[in-house]
1. Once amide H atoms are built 1.01 Å from N in the peptide plane, which residues 5 or more positions from Ala79, or in another chain, come under 5 Å H to H?
2. Around Ala151, what is the net charge, scoring Lys/Arg as +1 and Asp/Glu as -1 over all other residues with Cβ under 10 Å from its Cβ?
3. Hey, what D do you get for the chain in µm²/s if you plug the Kirkwood alpha-carbon radius into Stokes-Einstein at 20 °C and 1.002 mPa s?
4. When only C-alpha pairs under 8 Å and at least 6 residues apart count, what is the relative contact order of the chain, in percent?
5. Put +1 on the Cβ of each Lys and Arg and -1 on the Cβ of each Asp and Glu in the chain; which of Ala138, Ile62, Leu52 then has its Cα farthest toward the positive end of the dipole?
Amino acid sequence: MMKTNAMRTLERAGISYELRRYRLDDDADLAGQVAQALGVAPEMIFKTLLVLADDAPAFALIPAPTVLDLRQCAAALRARRAELAPLRRVYELTGYERGSVTPLAARKPFPVVIDETATLWPVIGISGGAPGCEVLLAPDDLIRLLVARTADIAR
């Protein structure tokens, strides 16, 4: 597999990561299937959601088995409201298809908020920017690279 822009971004920043590949059966519960395929706790796999905070795009990263608390997400992004971006806008705004969205190397740098539980793990998994591609890395490295905020945004 060729390197993705997400992997190149990590390498340019000097951040070590482990690339893991997987296959999925269907579109249902993508993040949960990824955790199972990689043999890690589902809470270690973080799904990247594109949100519109006061209509401005931002990324929210939450553990696979959880759902996004939009009110908390808005507060973390210092916005009045937040909503999930419509699926049709995800590729347009990020350059990534559903299931491969990553906060690394998106078309434009958007603000990022990561659920605070990320820091409880030595490594977390996020999409590597291509279907069937996950990168495992230290959450502190990811937070520093993305200048991300951490907050209690998952339920």
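1. Amide H neighbours of Ala79, under 5 Å, 5+ apart: none.
2. Values: positive: Arg149; negative: Asp69, Asp115, Glu116, Asp152.
That works out to -3.
3. Working: Rh = 15.3 Å.
So the translational diffusion coefficient is about 141 µm²/s.
4. On the way: 310 pairs, mean separation 43.5, N = 155.
So the answer I get is 28 percent.
5. Sorting the options by dipole projection puts first Leu52.
Every read-out reported here was derived from the displayed coordinates using simple, explicitly stated rules and does not represent laboratory data. Keep in mind that what you see is a predicted model, and the values were worked out from it rather than measured. Virtual Cβ from ideal backbone geometry, glycine too; neighbours counted across all protein chains shown.
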